[in-house]
Amino acid sequence: TTVATRGKTLVFPEGFVWGAATAAYQVEGAVAVDGRGQSIWDVFSRRQGAILDGHTADTACDHYHRYADDIRLMDRLDLMAYRFSVSWPRVQPTGSGPVNPAGLDFYDRLVDGLLAAGITPYLTLYHWDLPQALEDLGGWASRDTAHRLADYARVVHDRLGDRVAAWMTVNEPWVSAFVGYGIGAHAPGRTSPADAFRAAHHLMLGHGLAAQALRAGGAQTVGLMLNLAPVITPGQVNDPGLTLSAQDAEAVERVDALLNRQFLDPALRGEYPPGILPIVERVAGLGHIHDHDLATINQPVDLLGINYYTPCVVRSGPGEPSNAAYPGTEDVEFCGAYAPTTAMGWPIVPTGLSRLLEHLTREYPGVGLVVTENGAAFDDVVTDDRVRDADRIAYLESHLRAAYDAIQAGADLRGYLVWSLLDNFEWAEGYTKRFGLVHVDYATQRRLPKDSAVWYRDVIRRNGLHTERARRPTLEAVA
Ligand code: GBH
């Protein structure tokens, strides 16, 4: 194996890709500039009570105007890769038909700037900002939206395909479908479990159709990002080998099908996992699943992007009478408070990442893996022009150790992207949660690299983790 322990450093495989990620709506701002159309998030965030403290992303990190400075920042952090998303309503203001050249120009400049700095772009086509005009026609509950995504993929690829190698179709279809259309905590804020299942299927169909379009255009690397979590019982948090009761095992399997396999199996195996279609049929009917859809969804995937934050811990027991995030789990208890948490309230369990990577390697062999999101929000404080975010460093370090363990156990993990480069608009939490390696003062737009940014730069420089703590220098802020 290429993995080695060099002195006191855990060395990652040669060519391992280190980077950070953002998403268009969370960082760009400039929502009414240069012909951009409205997205479902522009509309949703104006709903009374939808976003904590009534925040909107109208300005966010103003990355649309400051992208050149942000690229310089990435360069100073020695990032090898930057994952960003393209705003669909910037490129196609009404989601179909007319293309807005000024919108494409922005991504053209961004990509050229990244390449000039030696940073590899990882382009996400869809990170949740659906054009509102398409939502008005039914959004992801409507089959047509999948075809519109493929058209949009073609438009973006025609413009950037000569310079961008890595094309990711959709980000976290589970969240889009079940949080957006089921619980309604995200845009478009609908509360229909039936529409959530339809949205899930159509997002995956959109992935398949977009992957076909990208491939036909000559794209080299095509993939998608899923929010994946090992589904385990509370007892397995500290004792992974624990034998489960039949009821617990069945609860785990059902939740795993809803959260992970509903997306993994169609994309990578061309089928829905056992047990899920009866739930879909009861909640939504099966009319939205057409004969050849699974073959369309099952396109070759070069890269599976894994967004990992925390495991999903469940056991057999009293659940919610109707849980719109997990339809059909009335007899499943979702457990929290089994480990210390981040500011999001998400328990910190690094072994969940190694477990997940090893499981994917066993169950879906042959697909390249990249951690496309991992990171944590903490209550950062700026003192003496510095953010001493030891808690974030500890989170990242422990998860990188878990990733290293998985690689040693045979996982084909090719890269790791921190969520996020910058503090940004954290969806329903507004600006109250900070995930960045770089602190953003929203009043002045000043960027201040946190201690974690400097720590991460050192990880990148040595392609691995120091097993002993060193004294670390700081980086000055940039206006
Ligand atoms: C990602 O979603 C998004 O892609 C990104 O845009 C976002 O900013 C980032 O994460 C941070 O939120 O209640 O303990 O069961 C994350 C999706 C789905 C992560 C549900 C954690 C459950 C935690 N997530 N989840 S828990």
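The values are calculated or read from the model by the stated rules, or taken from the named source; none is laboratory data. None of the values given here were measured: they were computed from a predicted structure. Glycine also receives a Cβ, built like all others from the backbone with ideal geometry; neighbour counts cover every protein chain displayed. Only protein heavy atoms, including side chains, enter the accessible area calculation; ligands, DNA and RNA are left aside. Shrake-Rupley method; radii C 1.70, N 1.55, O 1.52, S 1.80 Å.
Where the only charges are on Cβ atoms (+1 Lys, Arg; -1 Asp, Glu), what is the dipole of the chain about its Cα centre, to the nearest 20 debye?
Result for the chain is approximately 920 debye, rounded to the nearest 20.
Classify segment 302-450: rounded, prolate or oblate, from the alpha-carbon gyration tensor (a ≥ b ≥ c, eigenvalue square roots; a/c under 1.5 rounded; otherwise prolate if a/b is larger than b/c)?
oblate
When all C-alpha to C-alpha distances in segment 365-448 are sorted into bins of 5 Å, what percent of pairs does each bin hold, rounded to whole numbers?
Distribution as computed: 3, 13, 21, 21, 15, 11, 9, 5, 2, 0 percent.
Counting only protein chains, not ligands or nucleic acids, how are Thr233, Thr310 ordered by accessible area (probe 1.4 Å), most first? Write out the running numbers ahead of the final one.
On the way: Thr233 5, Thr310 25 Å².
Sorted descending by solvent-accessible area, the residues read Thr310, Thr233.
Where a ≥ b ≥ c are the square roots of the eigenvalues of the C-alpha gyration tensor, would you call segment 163-265 rounded, which needs a/c under 1.5, or, failing that, prolate if a/b is larger than b/c, or oblate?
Oblate shape, in that a/c is at least 1.5 and b/c is the bigger or equal ratio.
Quickly rank 73-82, 294-303 as a protection proxy: mean count of other C-beta atoms within 10 Å, highest first.
Values: 73-82: 20.2, 294-303: 18.6.
Output ranking for 73-82, 294-303: 73-82, 294-303.
Which value results when the Cα radius of gyration for segment 207-293 is divided by 2.2 N^0.38 Å?
Cα-based Rg divided by the globular estimate yields 1.39.
Can you pull out the chymotrypsin sites (Phe, Trp or Tyr not before Pro) in segment 419-459 that DSSP calls coil and that have at most 16 other Cβ atoms within 10 Å?
Tyr442
If you rank Ser316, Ser354 by how much accessible surface each has, with a 1.4 Å probe, what is the order from largest down?
The residues order as Ser316, Ser354, largest area first.
Give me the Debye-computed log₁₀ of I(q)/I(0) at q = 0.19, 0.20 Å⁻¹ for segment 1-92, equal point scatterers on Cα only, no solvent, two decimals.
Here the Debye-derived log intensity ratios amount to -0.93, -0.99.
Run the quick spin-label model on Asp112 and Ala390: label points 7 Å from Cα toward the beta carbon, then report their separation in nm to one decimal.
4.6 nm
Quick check: at a probe of 1.4 Å, how many percent of the accessible area of the chain sits on carbon and sulfur atoms?
Values: 8650 of 17390 Å².
Answer for the chain is 50 percent, counting heavy atoms of protein chains only.
Around Lys433, with a cut-off of 13 angstrom between Cβ atoms, what is the net charge of the other residues, counting Lys and Arg +1 and Asp and Glu -1?
Charge balance in the 13 Å sphere: -4.
Highest mean first, what order results for 198-206, 256-264, 101-109, 12-20 on Cβ atoms within 10 Å?
198-206, 256-264, 12-20, 101-109
Indicate, rounded to the nearest 5 percent, the antiparallel portion of the DSSP beta bridges found entirely in the chain.
35 percent
Which Rg and Dmax, in Å, describe the Cα atoms of segment 286-384?
My reading of the Cα-based Rg and Dmax gives 18.1, 62 Å.
Probe radius 1.4 Å, ligands and nucleic acids left out: which of Lys433, Lys8 has the largest accessible area, and how do the rest follow?
Descending accessible area places them as Lys8, Lys433.
Ignoring ligands and nucleic acids, what accessible area does Val156 show with a 1.4 Å probe (Å², nearest 10)?
For Val156, solvent-accessible area is about 0 Å².
Once you list every other residue whose beta carbon is under 12 Å from the beta carbon of Trp18, what net charge do they have if Lys and Arg are +1 and Asp and Glu are -1?
My count for the surroundings of Trp18 gives +3.
How long, wide and thick is segment 94-240, going by the Cα atoms along their three principal axes, in whole angstroms, largest first?
Here the spans come out as 49, 42, 25 Å, largest first.
May I ask you to list the residues of segment 396-437 whose amide nitrogen lies under 18 Å from a point 7 Å from Cα along the Cα→beta-carbon direction of Asp53?
Within reach of a label on Asp53, which here means backbone N under 18 Å from a point 7 Å along Cα→Cβ, segment 396-437 contributes 422-437.
Return the Rg/Rh value of segment 150-200, two decimal places, where both radii are evaluated on C-alpha atoms and Rh is the Kirkwood radius.
Here Rg/Rh amounts to 1.18.
Once you have a ≥ b ≥ c as the square roots of the Cα gyration tensor eigenvalues for the chain, tell me rounded if a/c is under 1.5, and otherwise prolate or oblate according to whether a/b is larger than b/c. Don't skip to the end; give the middle numbers.
Working: a/c = 1.38, a/b = 1.07, b/c = 1.29.
It comes out rounded by the Cα gyration axes.
At 1.4 Å probe size, with every protein chain present, just tell me what the per residue accessible area of the chain comes to in Å².
The answer is 36 Å² per residue.
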